[in-house]
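All remarks here apply to the structure that follows.
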Amino acid sequence: MKDNCFNEFDPNALSVENALDNILKSIKINTTHEVVDIKNAYNRILSKNIKSNLNIPNYKNSAMDGYAVNIKKNNKVNTFKCIGESFAGKPYTSVVKLHEAIKVMTGGLVPNNCNAVVMKELITENNNEITINSNIEINQNIRFPGEDIKKNEIVLLKGKEIDEVDIGILASLGVSKVPVYKKPVIGFLSTGDELVSIEKKLKKTQVYDSNRYLLHGLLSKYPITIKDYGVVKDNKKMIEKKFSLIAKNCDLLITTGGVSVGDADYVKEVLDKLGKVSFWKIAVKPGRPLAYGKIKKCLFFGLPGNPVSVVVTFNLFVSAAIKKIIGQDNSNSLLLTAKLTSDIKKRKGRKEYKRGILSSTCGKFYVKKSGSQGSNILSSLKDANCYIVLDEKIDKLSKGSNVKVMPFTLSSKFYEN
Ligand code: AMP
Ligand code: MG
């Protein structure tokens, strides 16, 4: 059989979409709250809607350093008597009559009678009189109460990950204590007789345990408590002992390796014995063997051992599960259409996430593979800035075809040719 005719269809494998659906349906949203100081709220998930108790701005003020004037509609007057000053924090509170002005600084109160601010640079000043050398429009350069945020408006929605702008908004509303979901505990471990810790000298036939560090990095961006449970040998009894212990202390356990059909692969068997296997095969490449289930209340992901598979399955499935566990809104990943700049080979039957380099020229997107696509080749992921997403039915694609592309981030590592 020719390579490009080979079909990887496995009737027992779930589609990516069904696997995700299955995972999300099995998880209950976090409902335990705590209140944290605003300085510790960064990256946490809001557990209640935030409603504004104020208008922002809170008072009518100037957008410029200049002069606030009292004019009529269709004003023809250009000389005004200047009768006072209004600074941010030191307002002018008396009446400003028609064709009078006050000097005003940015953020300074604009008195009720004033209906325009003229910037300083457009004015000539002579004793207490100013002359304005331009047209004046009613309400120009005035910031009105509530034009940014209105009193009683819902400003931030429950489920939002709090970023630096949200912290600025909370502070401008005078909110010093922020309601957030409690952090769940997520543990991970590696399985494999060949694995050695990175502090030790490596013997031939041994492999440094890099997956735990990969996972630590992948987990670090979430508001969770991370627990590293080290390495377990490919020994059924030891795996069993470790899983039952961890399941008592974690909300989610992630393992890597030992989940396939090899003679030393015990993860699925142990999960089946101690808890429940929801599924263990997904029609995806990389990452077909992936055991998902539960041990008592602890959710369980048994990821494959190859590092690229760890990252891809984490991005596709584990991250969606974590978002649900922590109470974060789950938005779909952005998919773009890009033109292939080289041929791509693929076998039918599995949805494939190839590692790619996305670039743009004159507003059009182009993509190519980021190197060798083996699931052990982590360097292809290092150079990539996107996944090239190829559906089950696709076999080969030639240069110039349009493909779906999932960028890793929207801002960084993106190249404009
Ligand atoms: P497995 O899924 O256990 O059959 O492992 C598949 C491949 O991934 C093997 O080549 C393993 O040596 C490698 N591998 C498994 N776990 C790790 C790990 N923690 N760090 C680096 N490589 C690993
Ligand atoms: Mg193994």
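The values are calculated or read from the model by the stated rules, or taken from the named source; none is laboratory data. This is a predicted model, so every value here is computed, not measured. Glycine also receives a Cβ, built like all others from the backbone with ideal geometry; neighbour counts cover every protein chain displayed. These accessible areas exclude ligands, DNA and RNA; they are computed on the full protein's heavy atoms, side chains included. Shrake-Rupley method; radii C 1.70, N 1.55, O 1.52, S 1.80 Å.
Does residue 156 satisfy the criteria of being in contact with a Phe, Trp or Tyr (Cβ under 6 Å, 6 or more places away or on another chain) and buried (at least 16 other Cβ atoms within 10 Å of the Cβ)? So that I can check it myself, show each step before the final result.
Values: in contact with a Phe, Trp or Tyr (Cβ under 6 Å, 6 or more places away or on another chain): no; buried (at least 16 other Cβ atoms within 10 Å of the Cβ): yes.
No; evaluated as a whole, the condition is false for this residue.
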| request: Hey, can you tell me all the residues within region 250-264 that are within 12 Å of ligand 1 (Cβ to nearest atom) and not polar (S, T, N, Q)? | output: 254, 257, 258, 259, 261, 262, 263, 264
| field | Among the residues listed as 409, 337, the single one being over 30 Å from residue 212 (Cβ atoms) and of a type in the set (S, T, N, Q) | value | 337
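From 53, 78, grab the single residue that is open to solvent by 50 Å² or more (accessible area, probe 1.4 Å), within 33 Å of the chain's Cα centre (by Cα) and on the phi < 0 side of the Ramachandran plot.
Values: 78 fails: within 33 Å of the chain's Cα centre (by Cα).
The match here is 53.
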| request: Could you list, in sequence order, all residues of region 180-213 that are more than 13 Å from ligand 2 (Cβ to nearest atom), at pLDDT 95 or above and open to solvent by less than 40 Å² (accessible area, probe 1.4 Å)? | output: 180, 181, 184, 185, 186, 187, 188, 196, 212
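Could you check region 74-93 and list, in sequence order, the residues that are within 15 Å of residue 61 (Cα to Cα) and either modelled with pLDDT under 95 or not hydrophobic (A, V, I, L, M, F, W, C) (or both)?
Taking region 74-93 and keeping what is within 15 Å of residue 61 (Cα to Cα), we get 85-93.
Matches in region 74-93: 85, 86, 89, 90, 91, 92, 93.
Looking only at region 321-334, which residues are open to solvent by 10 Å² or more (accessible area, probe 1.4 Å), hydrophobic (A, V, I, L, M, F, W, C) and at pLDDT 95 or above?
Here is the first cut: in region 321-334, the ones open to solvent by 10 Å² or more (accessible area, probe 1.4 Å) are 323-325, 328-334.
Adding the requirement that they be hydrophobic (A, V, I, L, M, F, W, C) leaves 325, 334.
Correct list: 325 only.
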| request: Go through region 286-299 and give me each residue that's more than 13 Å from ligand 1 (Cβ to nearest atom) and out of contact with any Ser or Thr (no Cβ under 8 Å at 6 or more places or on another chain). | output: 296, 297, 298
| message | Is it the case, given these coordinates, that residue 254 is touching a residue at least 24 places away in the same chain (Cβ under 8 Å) and crowded, with 21+ Cβ neighbours inside 10 Å? | response | yes
| message | Looking at region 272-281, can you tell me whether even one residue there is out of contact with any strand residue (DSSP E or B) (no Cβ under 6 Å at 6 or more places or on another chain), under 15 Å from residue 309 (Cβ atoms) and within 14 Å of ligand 1 (Cβ to nearest atom)? | response | yes
| message | If I ask for residues that are in contact (Cβ under 8 Å) with a residue 40 or more places away in the chain and away from ligand 2 (no atom under 16 Å from the Cβ), which ones from region 286-300 would you list? | response | 292, 294, 295, 296, 297, 298, 299, 300
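Within region 178-198, work out how many residues are closer than 21 Å to residue 310 by Cβ and part of a loop (DSSP other than H, G, I, E, B).
Taking region 178-198 first, the residues closer than 21 Å to residue 310 by Cβ are 184-198.
Remaining after also requiring part of a loop (DSSP other than H, G, I, E, B): 184, 192-194, 197-198.
Going through region 178-198 one residue at a time, the tally reaches 6.
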| field | Near pairs, Cβ below 6 angstrom, 6+ apart or cross-chain, from region 187-211 (within 23 Å of residue 295 (Cβ to Cβ) and within 10 Å of ligand 1 (Cβ to nearest atom)) to any residue that is part of a strand (DSSP E or B) and open to solvent by 60 Å² or more (accessible area, probe 1.4 Å) | value | 195/207
| Within the bounds of region 326-334, is there any residue that is in a strand (DSSP E or B) and under 30 Å from residue 162 (Cβ atoms)? | no
| remark: When every residue in region 265-285 that is open to solvent by 10 Å² or more (accessible area, probe 1.4 Å) and within 16 Å of ligand 2 (Cβ to nearest atom) is compared, the one nearest to residue 353 (Cα to Cα) is 280
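Can you tell which of 262, 258 is of a type outside the set (S, T, N, Q), within 16 Å of ligand 2 (Cβ to nearest atom), on the phi > 0 side of the Ramachandran plot and assigned to a loop (DSSP other than H, G, I, E, B)?
Values: 262 fails: on the phi > 0 side of the Ramachandran plot.
On inspection, the qualifying residue turns out to be 258.
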